[in-house]
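Before any comments, here is the structure.
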Amino acid sequence: MLAELGHYALVLALSVALIQATIPLLGAWRGDQGWIALARPAALVQCLLVVVAFAALMHAYVTSDFSVLNVATNSHSAKPLLYKISGVWGNHEGSLLLWLLILVLFGAAVAMFGNNLPASFRARVLSVQAMIAVGFLAFVLFTSNPFERLLPAPIDGRGLNPLLQDPGLAFHPPFLYLGYVGFSMAFSFAVAALIEGRVDAAWARWVRPWTLAAWCFLTLGIALGSWWAYYELGWGGWWFWDPVENASFMPWLAGTALLHSAIVVEKRDALKNWTVLLAIVTFSLSLLGTFLVRSGVLTSVHAFATDPARGVFILAFLIVVIAGSLTLYAVRAPAMKGGGLFAPVSREGGLVLNNLLLSTACATVLLGTLYPLFLDALTGDKITVGPPYFNATFGPLMLPALIAMAVGPMLAWKRADILGALQRLKFAIAATLAALFLTLVLAYDGPWMAIPGIALGVWIIAAALEEAAHRLRLFRAPIGESLRRLARSPRSAWGTTFAHAGAGMVIIGIVASSSWQVEKLQVMRTGEQVAVGEYSFKFLGATAIKGPNYDAVRGSFEVRRDGAHVDLMTPESRSYPEPPMETTEAAIRTGWGGDLYAVIGDPTADGAWSTRFYNKPMIHWIWMGCLFMVLGGLVSLSDRRHRVGAPARRNKNAKPLEVAKSVAGE
Amino acid sequence: MSEQIEEQNPQRRWLRLVPLAIALVIGGFLFVGLSLKPKEIPSVLIGKAVPQFDLPAIPGRPKGLKSADLSGEVSLVNVFASWCVSCRAEHPLFMNLQARNIVPVHGLNYKDESTAALNWLRRYGDPYDRIGADLKGRVGIDWGVYGVPETFLVNAEGRIVCKHIGPVRQEDLDEKLLPAVEALRQGGTAQC
Amino acid sequence: MLKVFLRSLFVVLCLAGLSEPALAVAVDQPLDDPRQEARARAIHKQLRCLVCQNQSIEDSNAALARDLRILVRERITAGDNDEAAIRYIVERYGDWVLLQPPVKAGTALLWIGPVLFLILAIAVMVVWYRRRSSPVAGAIEPLSSEEQDRLKNLLADRDQQ
């Protein structure tokens, strides 16, 4: 019964979305206040209906209602509750419903909290948002109904893929979708602005918090995904440049560029055209990612089972949304020019450079991801574009961006003095040289790339800290003055500090773990011992154990360092009956210096076991750095100018000074 | 100011259409991509002589398989295993080919235990003329096998003419493999 | 019914035992010579797994990946240099297995692309800067909010001293 209710709620949601997509838009065009006012309740009702549908599906999963086909295919009664819940989005239909849920939640959030938006603009935003919802509702209802019944109901379900039965992955899709779908807000704001024919500082200030929130979620989602790959796949890798990974990375790159260019629009009223285009492109890349994962046009290690009919539907929708918005852009963008002038060397210039390199890098990832498809379609040749390509192209493109990101925040607006900025970074330069020297001395026998690599990370972190110190006049002014400045300085500046330092940490983590990793692979008998760097691993034996829904072999390894006991590591090799599958559960010990990583593999005929050990120095800095970036985003999000709300939209003729006054007067 | 001047220059307006054009081109490729099969890796052995190999029979069944067995007449070589689920789906088709004596089918029993393989053949029928037992899977690698089942069409000179990846369906036989067999027998060439 | 099930099966990484041989013939046994083993491992990282596509054979649990790892080790012990060992695999499975696409006519655009994008982007930026630079306009710009803040801070600093 509940399943039918859920289905019915989706049908109703579609009709509400259709109304919301048209009436408020027409109302804004005709100036009809009644029609404009419809947007808000429509968004809330639509949200409520989708929530009902989602709850109905969740209920079917939690109660193991196998008369629902989707539940029977993807769940199992013996599964822990957490994975019954995450099973809802562990499949194509359910994950689409989650997509939709997040979409309407964002829409409802604008309806509820968008008080600072002019009513007609809000109506346009919500209409655009509803157009996206119409597409996805139709997609769910016509091709991917999660509420389809299966009669007679089977005794038990087929189970969730055991690789997905993991806390890291249980929350990876929701965060990823919060990111993907969050960019739909930037898109809706951009399209609404194009319809209105106006983009100004106030627009940028409205868009920024939504983009920032989406970016935080996406960063977290990507970090969770790579962390999961790291500990679950059992090979110690965390990024494979797989199409599906790239599909989430491209919106991240474009979204990061968007965050930075929106600053220029907000502060200086420039780059409007480009920012609007970026907003459209960022969401388009999110949609492209959704398409790539579900259509099977590219081979990926992780993908949903594919269906050509679904592929055609979603591609048609993709083209309507993207081509529609870009056509609107082509027609309207010329009307949105102007704004403050600035020299190439200036804060704005730095942000332009950031955008230039990020978008070039994004285009490169797009080219590499789709190239096998291009070539196959044109010539029938099948080739592979793997990690070596991306490392060779993406790396060099990001290098100048990373070097420059340390200097950017030190530059003055409009016209800056680069030597002066470098002079003000003298401690960072000193720290970088010290790092260069230290790695040269300590790791001269390692890969040479590590030396400039570590220095780069130190440069970014040290510069972020030194910039913050300048902001506080730390050690230059009395400590009381510095504390006062700490309380007064804008949170968004602190966001920059955290996020940039986080990026530096990621660099250090990547460079250190890939350059100085120790890797040992061998066949071991009980009692044997292997040295891994300064650690030794002694095999104490393997025992068969039984888990809640799997059987496993657990190996015990005693880890010693300089003869002293460090830890007992117990990696497992699990086999799940429903569905039948083998997984490796690596044992990971995280210390200050990095991770020890142990894997037990197959037994040989005569009772020995193949084993693998890694010592990965500083690898956890990668994820800590990601968390710092997210923290930076959240701190920036809490900036009072977002909370207090954007100032009333000023007239076209008004001077920017008024905005400055209103900010200063807060 | 300078912006206004630019707006009056119509030559620049087409620039605004560039993003749209790029999106449409990508969309076109994606549409074509829907009908491509990226997971199927074409064999590099097409047109080449079959690899050199000499495999013993499955213990308990006569007739092993070696390279020389594959010249002299057009034949199919089917890579199968008892642990392979989708092999069961295509198996009745090969039974039918054998019953109607249309084309000889040889088996390459890939990484299989001999008792399991014999039981499997007893249960589902044995349509094969010769079967080579590839215990280590090394001959499979020489043939470029990467997923079971796979089926190769070999001409009378012992050259590989085409490779079918995945279970053979009736329409694959009717539209692809059997017409090719016929063409080869007429002394012609075939492609598939 | 089976078809529906198969269609909606969620596939993440093909470690699934769907079509994997139960017969484990050999496990990964590293070569005794660490230099040879290092070469073998480096080659493993350059070859794409055919079963779990998009992983290297080094990173894959698939049985075929293990067979290929062992095969590469055998080629190295047999005296093949790296190039010959890779060619041995490519002769059987084609260019597709190379994770780094070879530079040839078909991949020219792939390799030139990033450089092209960069040149194009820089060109657009330069043109854009040139077109909008207007010294008169810059001079009469009012102070931005940031500049206002800085001015205020500067004044405050001076007041304190």
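With a 1.4 Å probe and all protein chains in place, put A:242, A:269 in order of accessible area, largest first.
Numbers: A:242 0, A:269 40 Å².
Sorted by accessible area, descending: A:269, A:242.
Suppose every Lys and Arg Cβ carries +1 and every Asp and Glu Cβ carries -1, with no other charges. What dipole size does chain B come out with about its Cα centre, to the nearest 20 debye? Each step should come with its number before you reach the end.
Numbers: 22 positive and 21 negative charges, 59 e Å.
Charge dipole of chain B: 280 debye, to the nearest 20.
Per-residue counts of other Cβ atoms within 10 Å, averaged by peptide: what ranking do you get for A:386-397, A:39-50, highest first?
Values: A:386-397: 18.5, A:39-50: 23.0.
Ranked from most to least packed, the peptides come out as A:39-50, A:386-397.
What distance in nm lies between label points placed 7 Å from Cα along the C-beta direction at residue C:115 and residue A:55?
6.0 nm
Find out how many positive minus negative residues lie around residue A:99, taking Lys and Arg as positive, Asp and Glu as negative, among other residues whose Cβ is under 15 Å from that of residue A:99.
Cβ neighbours under 15 Å give a net charge of +1.
Relative contact order for chain A: what is it in percent, counting Cα pairs under 8 Å that are at least 6 residues apart?
Values: 1179 pairs, mean separation 75.8, N = 666.
Rounded, it is 11 percent for chain A.
Please average, across the residues of C:110-121, the number of beta carbons from any other chain that are within 10 Å of each residue's own beta carbon, and give a whole number.
On the way: counts 11, 5, 0, 7, 13, 5, 4, 11, 10, 1, 2, 6.
Mean shielding count: 6.
Excluding residue B:80 itself, what net charge comes from residues whose Cβ is under 12 Å from its Cβ, given Lys and Arg +1 and Asp and Glu -1?
Values: positive: B:88, B:111; negative: B:90, B:112, B:126, B:134, B:150.
So the environment of residue B:80 carries a net charge of -3.
For helix B:18-34, what angle does its Cα long axis make with the longest principal axis of chain B, in degrees from 0 to 90 and rounded to 10?
So the helix axis and the longest Cα principal axis differ by about 10 degrees.
Provide the buried accessible surface between chains C and B in square angstrom, both chains summed, 1.4 Å probe, rounded to the nearest 100.
2300 Å²
Am I reading the A/B interface right? What is its buried accessible area, both sides, 1.4 Å probe, to the nearest 100 Å²? Let's see the in-between values first.
Numbers: alone 28870 and 11550 Å², together 38010 Å².
Summing both chains' loss of accessible area gives about 2400 Å².
Percent relative contact order of chain B, based on C-alpha pairs within less than 8 angstrom and at least six residues apart? List each step's numbers first, then the result.
Values: 300 pairs, mean separation 47.5, N = 192.
So the answer I get is 25 percent.
Which whole-number value in Å² is the accessible area per residue of the protein assembly as shown, probe 1.4 Å? Display every interim value, and only then the final one.
Working: 42060 Å² over 1019 residues.
It amounts to 41 Å² per residue over the protein assembly as shown.
Under DSSP H, which helices of chain A have Cα atoms covering 15 Å or more of the helix axis and a Kyte-Doolittle average no less than 1.0? Please list the in-between numbers first.
On the way: long enough: A:2-30 (41 Å, 1.30); A:39-62 (34 Å, 1.75); A:92-113 (31 Å, 1.96); A:119-143 (35 Å, 1.58); A:172-196 (37 Å, 1.19); A:201-232 (45 Å, 0.52); A:243-268 (37 Å, 0.44); A:272-295 (34 Å, 1.23); A:308-332 (35 Å, 1.76); A:347-379 (46 Å, 1.05); A:387-407 (30 Å, 1.16); A:426-442 (24 Å, 2.18); A:450-472 (33 Å, 1.23); A:491-515 (36 Å, 0.83); A:620-637 (25 Å, 1.68).
What comes out of the filter, once short or polar helices are dropped, is A:2-30, A:39-62, A:92-113, A:119-143, A:172-196, A:272-295, A:308-332, A:347-379, A:387-407, A:426-442, A:450-472, A:620-637.
Keeping all protein chains in the complex and leaving out DNA, RNA and ligands, what accessible area do you get for residue B:136 with a 1.4 Å probe, in Å² to the nearest 10?
For residue B:136, solvent-accessible area is about 120 Å².
Give me the angle, in degrees from 0 to 90, between the Cα long axis of helix B:85-99 and the longest principal axis of the Cα atoms of chain B, rounded to the nearest 10.
60 degrees
Rounded to whole Hz and in sequence order, give me ³J(HN,Hα) for the range B:124-132 from the Karplus expression 6.51 cos²θ - 1.76 cosθ + 1.60, θ = phi - 60°, writing x for Gly and Pro.
Listing the rounded values in order: 9, x, 10, x, 8, 6, 10, 10, x Hz.
Once Lys and Arg get +1 and Asp and Glu get -1 on their Cβ, which of B:57, B:99, B:87 lies farthest toward the positive end of the dipole of the range B:40-185?
After comparing all options, I get B:57.
Through the Karplus equation 6.51 cos²θ - 1.76 cosθ + 1.60, θ set to phi - 60°, convert the phi angles of the range B:116-121 into ³J(HN,Hα) values in whole Hz; use x for Gly and Pro.
Using θ = phi - 60°, the values come out as 4, 5, 4, 4, 4, 5 Hz.
With +1 assigned to the C-beta of every Lys and Arg and -1 to the C-beta of every Asp and Glu, and no other charges, what is the dipole magnitude of chain A about the Cα centre in debye, to the nearest 20? Please list the in-between numbers first.
Details: 50 positive and 40 negative charges, 642 e Å.
Using only the charged Cβ atoms, the result is roughly 3080 debye.
Considering only A:428, B:29, C:52, whose Cα is most displaced toward the positive end of the charge dipole of the protein assembly as shown, charges sitting on Cβ of Lys, Arg (+1) and Asp, Glu (-1)?
A:428
Which far-off residues, 5 or more places away or on another chain, put their amide H under 5 Å from the one on residue A:595, with H placed in the peptide plane?
When sequence neighbours closer than 5 places are left aside, the close amide H contacts are A:616, A:618, A:619, A:620.
Just the accessible area for residue A:398, please: 1.4 Å probe, Å², rounded to the nearest 10?
30 Å²
Any idea how far apart residue B:95 and residue A:448 come out in nm if each label point goes 7 Å out from Cα toward Cβ?
According to this spin-label approximation, the distance is 6.7 nm.
Accessible surface of residue A:65 in the full protein assembly, 1.4 angstrom probe, to the nearest 10 Å²?
50 Å²
For C:28, A:606, give the ranking by accessible area with the largest first, probe 1.4 Å.
Working: C:28 20, A:606 100 Å².
Output order, biggest surface exposure first: A:606, C:28.
Take every residue in peptide A:92-102, count the Cβ atoms of other chains within 10 Å of its Cβ, and give the average of those counts. It would help to have the intermediate numbers written out before the result.
On the way: counts 4, 1, 1, 1, 0, 0, 0, 0, 0, 0, 0.
Other-chain Cβ atoms within 10 Å of each residue's Cβ, averaged: 1.
What is the magnitude of the charge dipole of the range A:437-497 about its Cα centre, with +1 placed on the Cβ of each Lys and Arg, -1 on the Cβ of each Asp and Glu, and no other charges, expressed in debye to the nearest 20?
Numbers: 7 positive and 4 negative charges, 113 e Å.
It works out to roughly 540 debye.
Sort A:505, A:449, A:618 by heavy-atom solvent-accessible area, probe 1.4 angstrom, most to least. Provide the component values of the computation, followed by the final result.
Working: A:505 20, A:449 120, A:618 50 Å².
My answer, sorted largest first, is A:449, A:618, A:505.
Which whole-number percentage describes the relative contact order of the range A:337-482, with Cα contacts under 8 Å and a sequence gap of 6 or more? Mind showing how you got there, number by number?
Values: 129 pairs, mean separation 38.8, N = 146.
Computed value for the range A:337-482: 27 percent relative contact order.
When the helices in chain A are scored as -39500 (n - 2.57) per DSSP H run of 4 or longer and the sum is shared across all residues, what 222 nm value do you end up with, to the nearest 500 deg cm²/dmol?
-21500 deg cm²/dmol
How large is the convex hull of the Cα atoms of chain A per residue, expressed in Å³ as a whole number? Before the final figure, lay out the partial values.
Numbers: hull volume 121.7 nm³, N = 666.
Value for chain A: 183 Å³ per residue.
Per-residue Cβ counts within 10 Å, from other chains only, averaged over B:77-90: what number is that?
Working: counts 0, 0, 0, 0, 5, 3, 7, 4, 3, 3, 1, 0, 1, 0.
Mean number of neighbouring Cβ atoms from other chains: 2.
Whenever you get a sec, compute what percent of the accessible area on the protein assembly as shown sits on carbon and sulfur atoms (1.4 Å probe).
On the way: 26720 of 42060 Å².
With neighbouring chains kept in place, the figure for the protein assembly as shown is 64 percent.
Considering only A:340, B:147, A:170, whose Cα is most displaced toward the positive end of the charge dipole of the protein assembly as shown, charges sitting on Cβ of Lys, Arg (+1) and Asp, Glu (-1)?
Of A:340, B:147, A:170, it is A:340.
The values are calculated or read from the model by the stated rules, or taken from the named source; none is laboratory data. If you're wondering where the values come from, they're calculated on a predicted model, not measured in any experiment. Cβ sites come from the backbone with ideal geometry, for glycine too, and all protein chains shown count toward neighbours. Surface areas here come from the heavy atoms of the whole protein model, side chains and all, with no ligands, DNA or RNA. Shrake-Rupley method; radii C 1.70, N 1.55, O 1.52, S 1.80 Å.
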